[in-house]
1. Please give the net charge around C:LEU260, taking every other residue with its beta carbon less than 14 angstrom from that of C:LEU260, where Lys and Arg add +1 and Asp and Glu add -1.
2. Taking the Cα centre of the stretch B:1-148 as origin, work out the dipole magnitude from +1 charges on Lys and Arg Cβ and -1 charges on Asp and Glu Cβ, in debye rounded to 20.
3. Considering every pair of different Cα atoms, what Kirkwood radius, in Å, is found for the stretch A:143-191?
4. What number do you get for the stretch C:167-310 when its Cα radius of gyration is normalised by 2.2 N^0.38 Å, N = residues?
5. So if I average 1/r over every pair of distinct C-alpha atoms in the stretch C:87-182 and take the inverse, what Kirkwood radius in Å does that give?
6. For C:LYS107, list the aspartates and glutamates whose Cα falls under 13 Å from its own Cα; do not include residues on the same chain fewer than 8 positions away.
7. Which distances in nm, rounded to one decimal and ordered from shortest, link the label point of C:ARG50 to the equivalent label points in the other identical copies, with labels set 7 Å from Cα toward Cβ?
8. Per residue of the stretch D:8-15, what does 6.51 cos²θ - 1.76 cosθ + 1.60 with θ = phi - 60° give for ³J(HN,Hα)? Whole Hz please, x for Gly and Pro, Karplus curve as stated.
There are 4 protein chains.
Amino acid sequence: MAVHHFHPHHYFNTIGSHTPVLHVADGDTIITTTVDAGGWDKDGVQSAVRGNPMTGPFYVDGAEAGDTLVVQLDSIVPNRNQGWSGRMVAPNCVDPDYVPELPWMPKGQRESAYWHVDALAKTATLAKPETKLGGLVLRIVPMLGCFGVAPAQGQAISTATSAEHGGNMDYRGFTSGVTVYFPVFVPGALLHFGDGHAIQGDGEIAGTGIEISMDVQVTVRVIKGQTIRWPRGENAEYIFTVGNARPLDQCVQHATSEMLRWLQSDYDLDPVGASILMGQAVEYDLGNIFDPAYTMVCKMSKRILASITP
Amino acid sequence: MAVHHFHPHHYFNTIGSHTPVLHVADGDTIITTTVDAGGWDKDGVQSAVRGNPMTGPFYVDGAEAGDTLVVQLDSIVPNRNQGWSGRMVAPNCVDPDYVPELPWMPKGQRESAYWHVDALAKTATLAKPETKLGGLVLRIVPMLGCFGVAPAQGQAISTATSAEHGGNMDYRGFTSGVTVYFPVFVPGALLHFGDGHAIQGDGEIAGTGIEISMDVQVTVRVIKGQTIRWPRGENAEYIFTVGNARPLDQCVQHATSEMLRWLQSDYDLDPVGASILMGQAVEYDLGNIFDPAYTMVCKMSKRILASITP
Amino acid sequence: MAVHHFHPHHYFNTIGSHTPVLHVADGDTIITTTVDAGGWDKDGVQSAVRGNPMTGPFYVDGAEAGDTLVVQLDSIVPNRNQGWSGRMVAPNCVDPDYVPELPWMPKGQRESAYWHVDALAKTATLAKPETKLGGLVLRIVPMLGCFGVAPAQGQAISTATSAEHGGNMDYRGFTSGVTVYFPVFVPGALLHFGDGHAIQGDGEIAGTGIEISMDVQVTVRVIKGQTIRWPRGENAEYIFTVGNARPLDQCVQHATSEMLRWLQSDYDLDPVGASILMGQAVEYDLGNIFDPAYTMVCKMSKRILASITP
Amino acid sequence: MAVHHFHPHHYFNTIGSHTPVLHVADGDTIITTTVDAGGWDKDGVQSAVRGNPMTGPFYVDGAEAGDTLVVQLDSIVPNRNQGWSGRMVAPNCVDPDYVPELPWMPKGQRESAYWHVDALAKTATLAKPETKLGGLVLRIVPMLGCFGVAPAQGQAISTATSAEHGGNMDYRGFTSGVTVYFPVFVPGALLHFGDGHAIQGDGEIAGTGIEISMDVQVTVRVIKGQTIRWPRGENAEYIFTVGNARPLDQCVQHATSEMLRWLQSDYDLDPVGASILMGQAVEYDLGNIFDPAYTMVCKMSKRILASITP
């Protein structure tokens, strides 16, 4: 159960079977940093190519295809005080005939919103542009937008999108204290992570969270021989499953099927019992409706699951 | 501000320009009952045709096309102690290749789950079928699955589905204490309601909530000359907008566009400000992913809105 | 087998259980006229409310719920020489970020394209606006955009949309010589039709065909006891099924399921045979991707079906 | 304009920046072979890993990011006489509640249909399983299911799916005589191809065409400085654009936007003219509705385009 301090020197814009930057053992902890979605690091230097550059990959000894990689998000803390975000709701998130009403910039111009982030006070304060929001203050809940393991068959999947291997899920539930489970497709699993957000609304409908570089600590573990199909997770209140696809309907189908499997394999429920329970107690979160693949999360309350006495 | 006690004698399976059962004034309160989705009333008698039979319609004096009808859900309380629900997650909510794994009944047979509902204790206890859930107890949060106003142009829309006029939205947020806003399309608005659920999971993925007859009290009000496009609502914590369509993506587009309009018309936000705010603070709920039209709800925190000081 | 000459005096903007304008017998022929989508008749007079006003409904004696109504489209001929069409591809038919590139009119202004239609020469010649198309000449193939039978349960469905009962399918395959089959939901079936197009591209992506009033002749027949789920049709080369829904994926699901049923019930195919055949020989047409419900058509070649010798 | 005879020794199951197997010049012709989707070659030997193994990649001298690669499909001819196909329509192509009616095999068993293919006579004759189809004979129209160029940013995209770079589009219009245009993302373009089908229905709804190994001849050309967004093509009658995504609606959006761009850049049409023309003359084909990304094709008649005289 070693603790590894890792300082990244290069980053990847795909999640794939890249040469590992570090080998770690089952149970080890990694303490490292991530640059923001645009490649800007804690000193405000662009040290990676824009588009969700990833720290890693980390090779976890013993992980093989068919296993499950457990990633405990121990700590995700902004390591600088300026973040940026989109200034316009994305056109695919509004009615097609409302698109011209959005606040488009003049052709060829770009603009972001900038926020002052105080990691200690846990606040983000809007600095510009000038709008009717004034110096709006939001409470931050730092999270990772993009992380996952190398996919099968030598694929290298853009960090713009997501699939069974994780990736750019942009789900604001991936915060400190959450445990995430990924299916393993290649030896060592090859964990990548990055794209930190100080906060993000459901759906990432302006195309970003408050994008910022992070200090990250994760602890990894391998569950041998447990094969899952989609990313899973748990926090203090819920177990959850993640479906990444388009349209949102298909995200729900993936996440719901995965939850039905989980309830039957690990919670001793029969198919009718699992259906009745989910029908009246399931909850869903909208991860993102911006990226090439959207994300929906299917959640079941641990308290309710614990109350079952057959 | 009269209080009307109304006892329904007939019900409608469409929402349309039916002859009103009662005329009420702006500000009046209606105290009445609804039968369950199958037409069964508080005495367990099937007194209406199955398929979300509606109590009403109620003609609200002064309401005209282009106005907004305000419906305050004062009280929704189960008025019998047996409810029923679906026993299988619906095939459109799981992966197509998982469909055969669902617990289908033998062809031609039907089965429901039955629950003992205690309105005072606020609990629902699973009575049958026998599953690994045993006598599962859930806390109830009574709600209306289907309600709305008569649509334009003489349409009579099945209570199986929903649209701009409301209808079978099956959103578990429509509970006691919530205020709902509907666009008015015809003189008197013609409010219909029914399809009470003692509780329902997000998405109504087993095709039902815990279906039960209700004692319902609502208070109605008219906002003259305020034209909205989609149902809106508010509770203690949130204002929200409702999009009804397929796929879920389009629900999100409807609800998000409506929220952008609302923030600019009533909360003094400019287009860029509204976008920046929603990008980092919006929340979405999944109403239903079972009915012909699905439902997504777009929510903004009243606390955050109140904190804005331009 | 009477021939009825019917002159319409009023029109409906919903398809529903309206009072029939005429009772006809099984096998009878109806010769009548339709106004265009905007309500303009053959003399250029607006004699109906805009939004696909329907001629009818016609009550077909003997038709009952559970039967099939056969509608033979004997003849559809423009009865005036001016037609109009949309001048902009609809925003829901292009990429969301391409929407601002479309040729929007200044706010509050509307413009249509106008065509000179020569029914004898079978041509439509673009008259205005002035564009790089000059006086483009297209060969016309007159069709009905919206037609169908009254839906179940007293519904009155807007002629803007479509469903199991037919409606605004906007499929350019509904031309003279085609036979269409509708499920019957109410006594007399209650056939409505209108919304003639001199020609229309696949998808009706500019929101219209070349809209024009028509002389229409149809012959109706009842197939007792044959229950179908979705509209079906046939022409000289194909049998076809029609799925109306959103997104297009669901249209394909409806139409494909209906074709699988048809091949097994009427073409003596087993499930595996029907699957193998459709896999390599099925064709699909895009009806519309503009209306509230979209339309896809599933086609099987009569020549190939006739070649099967088990 | 050299002619290269290339004999493949290894294959790739992703389309990406793999080491080229051959460098060719602008204008050169490549004569080679492809194995079938399962990796079986012309001698019935499995010489590649299943899942659309690709011949190539071919490096085309002079092609750079931002250019267009022209791929002329000179000849695609089955080089063995046995093909295979799916025996069940895929569950995502039928209504969710129809899925259990499909002819599923007993769990753990697989079965394909087998066809005798006669490349000279241009026929495929069903050999097994035994069904009501007997020895059905279909006329073959050989095509390539999967082909394209290396995507940007070092991505390696599974040959199960498709995107801007082409890939597993499974469009039965990609036959001998067709010219295809791909956006170039990397130096040399890196052309891959394979997954030949003797014939395929629209949509590839049984999950396959008649899968078979092929003799393939293509001629490649580079258009310097012409940047396109999506694959395009042309045959004797049509120019066409290809959209790959989910749901089908988004495929239509991609392909329609690309056609609007093409008509304006190369056919001297103004935005209004392009819209009016497409509204009444566009056609769409359904490529596939089976793969992770679906495919729709937007077509414009060359005859109509040639008739325009502004």
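1. Details: positive: C:ARG229, C:ARG232, C:ARG261, C:LYS299, D:ARG87, D:LYS132; negative: C:GLU258, C:ASP266, C:ASP268, C:ASP270, D:ASP95, D:ASP97, D:GLU101.
Summing Lys and Arg as +1 and Asp and Glu as -1 gives -1.
2. Roughly 720 debye for the stretch B:1-148.
3. Working: mean 1/r = 0.0889 Å⁻¹.
Result for the stretch A:143-191 stands at 11.2 Å.
4. 1.07
5. Evaluated on the stretch C:87-182, it is 16.7 Å.
6. A:ASP97, A:GLU101
7. The projected label point of C:ARG50 is separated from its counterparts by 4.4, 4.4, 5.8 nm.
8. Values per residue, Gly and Pro as x: x, 10, 8, 9, 10, 9, 10, 9 Hz.
The values are calculated or read from the model by the stated rules, or taken from the named source; none is laboratory data. These numbers were taken from a predicted model, which means no experiment stands behind them. Here the Cβ is made from the backbone with ideal geometry for all residues, glycine too, and neighbour counts use every protein chain on show. Surface areas here come from the heavy atoms of the whole protein model, side chains and all, with no ligands, DNA or RNA. Shrake-Rupley method; radii C 1.70, N 1.55, O 1.52, S 1.80 Å.
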